[in-house]
Structure formats: structure tokens, C-alpha cells
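The structure appears below as C-alpha cells.
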Amino acid sequence: MTATILDGKAVSLSIQNDIREKVLSHFSPETAPRLCVILVGENPASASYVRTKCKMAEKLGFRHEVFHFDEDVSSAEVEERIDACNADPECDAVFVQLPLPKHLDAVALPNRVRADKDADGLTRAAMGALLLGESNAFEPCTPRGIIRLLDAYHLDLTGLDAVVIGRSNIVGKPMSLMLQRRNATVTMCHTRTKDLASHVRRADLIVVAAGSPELVKGDWIKPGAIVVDCGFTKTPDGVIHGDVDFGPASEVASYITPVPGGVGPMTVISLMEQTLESALKRRGGKA
Ligand code: NAD
């Protein structure tokens, strides 16, 4: 069997068209949704993610601004900037690009963003709402994007045995909650899991977010399983690796995400959708 590609780039493109239409009909260039980005230090991966998000914001007709701080910036300075964005009526969404240098608190700083501007969906309010099953709150962008992608291919998750590899706050934990909400039966795996392969072998749906290149082997995949690979590791030779051994896995799976072009574009477009949502809710626009 050769798997159908879950094409995040194509699905993102169709969402981009919807967003652009809404921006045009609800806002003028002066009042367009405005995204504020907090970037600290010179981590090349973070700088590249921020560039990608800003390019997309521009493409959609959003306003955007990057507040770029030196590596040794004090926590107080970053807090002051987040507070200013929170108070600024022209700012619709604030997000703090992770990871942060070690002396800064990577939970407390994103959590300082006002809940109604938390387009990244990583504050306590957003996480709490997710845990309690409340709708109307912003959601963490990567798992939200994955659900949007699975929905775009009309994949019904009810009753599926799902395995999530990785328990980070930004992907694994919220992903498991969202899959439960879609009536999947979820097993969480992590570095202390005994015999990871045996869990993967019985899974109908696998979401991997480990950051460990080609961790999941093709012969671990149950025939017909759906495979979602969040992994994104760039080796010194410039090659990008996912967490799944894509070639062999795609021979066995029914659906599979490529890396790049699968989860990444869906994460970015989720941030944009939630920025637009914030702008529409808070300022309504002209329509
Ligand atoms: P993280 O380092 O915060 O967490 C990784 C998790 O994976 C941990 O819970 C750890 O227990 C688990 N893990 C690591 N190695 C494992 C192994 N060998 N066996 C079992 N579990 C293992 O990472 P993260 O922020 O969740 O990101 C994970 C990956 O996803 C990275 O490659 C990251 O670049 C990528 N990512 C991509 C996007 C995107 O939009 N494409 C977004 C977020 C993260």
C-alpha cells in the first residue's frame, strides 16, 4: 500500500484564501489584524520560524511587528514589552517564540500574554479550557493544526487507538486531549516508555513529536494506520528529518504527513486563524 499524503501545504493554502477574504471584507490595511512577536536571542531556528510566520502574516494582509531582544535581556524587560502589547488596543495577538534562553521562564512569560490575545494558545487559561473541554478558547497551534489537517481529509477518529509520542506542553499533552475530544482512545508515550515499538504496532493513529530523527520505523506501523509526524530536525548537512522513517512507513500507512510540508504549515496557519479570530472578536472590523 502507498499512503495518501496529508498535504499540509495544500490545506494551508485553502485556509489562507478564506483568511484573506475575511481580512479584505472586515478590515482596511490600517485596521488589519496585528500580530506582535517576542523573539529573544539569535537562535537560527527561532529566527527562521519567526520569519516564516511574519511572511505568512504579510501574505494574508495582517500587520505584524517583531520585538527582538538580545540573548541576555532581563525577564523584567520582556515582561514590560508583553504588558505593553497586552494593553495596546491595536495589538490583536502576542506570541513568545520558544525556546527562550535558560535564564528566562518559558512557561511564565508566554503565560503573561492576555488570554484574549493568546493566539498561540499556550497560556494557563487556554490549557485549562482545553482540559475542561470548554470551547471558545484559543488552542495550541500545532495540535489544532493537526486536527484541522485530519478533518480536511474527512478522517473520523472515533474509537481509533491513538498513540502520541512526546509529552511536551506545546504538542504532546494538548494533542492527547484533542484526540480524546474526538473520541480516540489515547496512549501517551515518552522517553521512559517501555517498548515503544509495541505501542506503535497496535496504533490506528500515531502522532510523533519527539524531536528524534527517524525514531519510528516502517515495520512498527500497523498496515493502514494514520501517521502524523511533527518532528523537525535540521542536521548540520542542512537536511531536514522527521521523527518517522518516511519511505518504509509510507508503504504501510494509509495516510502520512511529509516533513516538511505536513504539520509545519498547519501550525503557522493556525496561529494566523487565531490572530484573525482575536481581531474579529475584539474589534469587529467594518463589515
Ligand atoms: P520537546 O523536546 O519539548 O518534547 C519531546 C518529547 O518527546 C518529550 O516529552 C520526550 O519524552 C519525548 N521523547 C523524546 N525522545 C523520545 C524517544 N526516543 N522515545 C519516546 N519519547 C521520546 O519537543 P516538542 O517541542 O514537543 O517538539 C517535538 C518535535 O516536534 C521537534 O522536532 C520539534 O521541532 C517539532 N515541532 C514541530 C512543529 C511544527 O510546527 N512543525 C511544532 C512544534 C514542534
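The values are calculated or read from the model by the stated rules, or taken from the named source; none is laboratory data. For clarity, every value in this text was computed on a predicted model and none was experimentally measured. Backbone-built Cβ (ideal geometry, glycine too); neighbour counts: all protein chains shown. In case anyone asks, the SASA skips ligands and DNA or RNA and just uses the protein heavy atoms, side chains included. Shrake-Rupley method; radii C 1.70, N 1.55, O 1.52, S 1.80 Å.
Tabulated values for the structure
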| quantity | calculated |
| --- | --- |
| Over 19 Å between alpha carbons, listed pairs Lys59/Lys234; Lys53/Lys102; Lys53/Lys117 | Lys59/Lys234; Lys53/Lys102 |
| Residues of segment 234-271 with amide N under 17 Å of a point placed 7 Å along Cα→Cβ from Thr4 | 250-258, 262-263 |
| Convex hull volume of the chain per residue (C-alpha atoms, cubic angstrom) | 129 Å³ |
| Dipole of segment 185-265, positive direction: furthest Cα of Ala210, Ser198, Gly262, with charges on the beta-carbon | Ser198 |
| Lysines with Cα under 18 Å of Lys217, excluding same-chain neighbours fewer than 8 positions away | Lys194 |
| Environment charge of Glu42, counting only residues whose C-beta is closer than 12 Å and scoring Lys/Arg +1, Asp/Glu -1 | -3 |
| Longest site-free stretch - the chain; sites: GluC sites (Glu not before Pro), DSSP loop, at most 14 other Cβ within 10 Å | 135-287 |
| Mean Cα-pair separation over length for the chain, i.e. relative contact order, pairs under 8 Å, 6 or more apart, % | 23 percent |
| Charge dipole (debye, nearest 20) of segment 95-173; +1 at Cβ of Lys and Arg, -1 at Cβ of Asp and Glu | 360 debye |
| Segment 143-261: antiparallel DSSP beta bridges as a percent of all, rounded to 5 | 10 percent |
| Where a label projected 7 Å from the Cα of Glu77 along Cα→Cβ would reach, residues of segment 20-57 with amide N under 14 Å | 39-42 |
| Span-like helix ranges in the chain, DSSP H, alpha carbon extent 20 angstrom or more, Kyte mean at least -1.0 | 8-26, 44-59, 263-283 |
| 14 Å beta-carbon shell around Val186, net charge (K/R +1, D/E -1) | +3 |
| Cα coordinate range in segment 49-188, projected on the principal axes (Å, largest first) | 48, 35, 25 |
| Percent accessible area from carbon and sulfur atoms, the chain, protein chains only, probe 1.4 Å | 54 percent |
| Fraction of antiparallel bridges per DSSP, the chain only, in percent to nearest 5 | 5 percent |
| Fully extended contour minus Cα-Cα distance, from Lys194 to Ile240, at 0.36 nm per residue | 13.8 nm |
| Within the chain, longest stretch free of exposed trypsin sites (Lys or Arg not before Pro) [DSSP loop, at most 15 other beta carbons within 10 Å] | 1-101 |
| Computed [θ] at 222 nm, deg cm²/dmol, the chain (DSSP H ≥ 4; -39,500 (n - 2.57); rounded to nearest 500) | -12500 deg cm²/dmol |
